[in-house]
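Since the structure comes first, as structure tokens, the remarks are kept for the end.
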Amino acid sequence: MKEPSRKSLLATIAVLAVLPLILSACSSSAGKSSSSGTGTSAAGAGGGGSGLADGFGKRNANRTVTFITYYDPSSDAFWNQMLSGARDAAALGNLKLNAQTAGGDVTKMTDLVTAAIATKPAALYIPFNDPAWENAACDAQKAGIAVFAFNVPPAAAAKSCVMAFVGQDFTQVGQTVGRRLLQDVPSLKAGDKVLCPAEEPTQQYAIQRGGGVNQALASKGLKCTFLRTSGDDGPALDALTTWLTANPDVKAIVPLGGTPHRNLVKAEDAASVKAPIAGFDTSPQVVQGIKDGRILATADQQGYVQGFQTVLQSVLYLDFAISPANINSGGNGLIDKSNVGSLEAPDLKGVRY
């Protein structure tokens with residue numbers, strides 16, 4: 001039997017995501033909308049569709065939106081998942097997507113959010129890796145722009161400025177990863193060294209994931225040793241290799257972000273160290289590490305879903321005033337050797353990593 005195309009898969013996802021108000025129209029026309037709706041690109045180029053008969057993709061006159069990533073999707077596979085999902089949802093919703101990235105620069109991220117206000121997009125999508133741009137996000141909301149958060153939620157001070165958040169419950173999943181590590185490595189005992197590297201250990205995602213991991217490890221008298229790697233592969237590999245060379249007695253490693261995770265096997269080999277690894281996020285390197293038995297498991301926060309559902313919710317809000325909802329994109333299930341093959345299905349590679 002011929003496998004469904006990616007467009008067919010996306011059309012199905014769209015149908016399931018839309019509320020009964022437009023369900024029947026989408027079920028009959030989603031495939032057509034996917035192919036005829038506005039295309040998207042990093043530069044925001046797009047052209048032409050007119051939306052569905054019931055108004056999905058056309059009722060709101062302003063169809064220009066801005067999607068800002070903190071890390072660069074062109075060099076980071078995980079952030080590319082989010083951008084891919086956003087582009088597909090924008091195409092289904094006839095939105096002209098203006099995609100921009102801060103490349104891991106806090107100042108640039110703040111400037112991009114501020115600059116977006118002047119362009120008056122219908123919606124603005126932002127991850128809140130750092131509180132530095134929360135005031136700018138609130139300024140956008142005051143200017144009448146619908147602001148949506150994805151990947152990392154805003155702190156309490158800016159929550160009222162954001163319509164909804166799509167992302168992982170970091171603390172809960174951190175507990176899950178920590179418990180899995182203890183289950184798979186029963187020899188761990190109080191006093192053993194457990195490394196928990198992160199791109200930026202002081203950012204919310206790392207604090208909450210690391211906190212959840214520590215809550216689980218505490219049952220055996222263990223706790224994380226944190227290490228900053230940065231979000232770039234080269235410096236991350238160097239930082240990991242240097243630390244492992246100096247600490248060959250490490251008993252387990254829990255990478256709290258995708259960058260250290262995808263560089264860990266290579267760093268272990270460079271340092272001639274082999275410690276059990278269980279972490280977060282997916283990438284081709286992590287998938288290969290699981291298949292090779294070097295990585296025990298990873299928590300997939302489903303970056304594609306974060307981008308897709310964030311933008312799709314904005315279409316429903318703009319066209320039908322349907323109130324957006326917070327969505328937990330990462331459940332409690334882990335990817336390990338028993339199910340890693342599902343990530344490599346031809347139509348899902350762009351969705352999962």
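Summary table below
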| quantity | calculated |
| --- | --- |
| Tally of residues being open to solvent by 10 Å² or more (accessible area, probe 1.4 Å), within 11 Å of the chain's Cα centre (by Cα) and of a type outside the set (S, T, N, Q) across the stretch 80-101 | 1 |
| Positions within the stretch 271-285 being among the charged types (D, E, K, R) and under 27 Å from ASN151 (Cβ atoms), in sequence order | ASP281 |
| The stretch 107-131, subset surrounded by fewer than 21 Cβ atoms within 10 Å (Cβ to Cβ) and modelled with pLDDT under 95, residue nearest to THR259 (Cα to Cα) | ASP130 |
| Counted residues, the stretch 171-204 - those being open to solvent by 50 Å² or more (accessible area, probe 1.4 Å), within 18 Å of GLY258 (Cα to Cα) and part of a loop (DSSP other than H, G, I, E, B) | 1 |
| Only listed residue being more than 18 Å from LEU195 (Cα to Cα), in contact (Cβ under 8 Å) with a residue 40 or more places away in the chain and under 16 Å from the mean Cα position of the chain (by Cα), chosen from VAL287, VAL315, VAL311 | VAL311 |
| Some residue of the stretch 281-288 being closer than 22 Å to THR171 by Cβ, touching a Lys or Arg at 6+ places or on another chain (Cβ under 9 Å) and of a type in the set (Asp, Glu) | yes |
| Count - residues of the stretch 205-227 that are assigned to a helix (DSSP H, G or I), among the hydroxyl-bearing types (Ser, Thr, Tyr) and at pLDDT 95 or above | 1 |
| Selection count where residues are in contact (Cβ under 8 Å) with a residue 24 or more places away in the chain and of a type in the set (Asp, Glu), scope the stretch 218-248 | 2 |
| Residue pairs meeting the criteria (Cβ under 8 Å; at least 6 apart or on separate chains; first in contact (Cβ under 8 Å) with a residue 40 or more places away in the chain, in the stretch 56-81; second open to solvent by 40 Å² or more (accessible area, probe 1.4 Å) and basic (Lys, Arg)) | ASN62/LYS120; ARG63/LYS96; THR64/LYS96; VAL65/LYS96; GLN81/ARG352 |
| Condition check for GLN215: open to solvent by 10 Å² or more (accessible area, probe 1.4 Å), closer than 20 Å to THR176 by Cα, among the polar types (S, T, N, Q) and touching a residue at least 40 places away in the same chain (Cβ under 8 Å) | yes |
| First in the stretch 154-181 and aromatic (Phe, Trp, Tyr), second anywhere and crowded, with 20+ Cβ neighbours inside 10 Å and outside any loop (DSSP other than H, G, I, E, B), Cβ under 8 Å, 6 or more apart | PHE165/PHE148; PHE165/ALA149; PHE165/PHE150; PHE170/TYR205; PHE170/GLN208; PHE170/ARG209; PHE170/GLY212 |
| Residue satisfying condition, being touching a Ser or Thr at 6+ places or on another chain (Cβ under 8 Å) and either outside any loop (DSSP other than H, G, I, E, B) or open to solvent by 30 Å² or more (accessible area, probe 1.4 Å) (or both), within set GLN301, GLN306, GLN288 | GLN306 |
| Qualifying positions in the stretch 163-189 - under 26 Å from LEU312 (Cα atoms) and of a type in the set (A, V, I, L, M) | MET163, ALA164, VAL166, VAL173 |
| Total residues in the stretch 153-207, condition in contact with a Gly (Cβ under 7 Å, 6 or more places away or on another chain) and polar (S, T, N, Q) | 4 |
| Count - residues of the stretch 61-72 that are at pLDDT below 95 and open to solvent by less than 40 Å² (accessible area, probe 1.4 Å) | 1 |
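The values are calculated or read from the model by the stated rules, or taken from the named source; none is laboratory data. Values in this document were obtained by computation on a predicted structure and should not be read as measured data. Every residue, glycine as well, gets a Cβ built from its backbone with ideal geometry; the counts of neighbours run over all protein chains shown. In case anyone asks, the SASA skips ligands and DNA or RNA and just uses the protein heavy atoms, side chains included. Shrake-Rupley method; radii C 1.70, N 1.55, O 1.52, S 1.80 Å.
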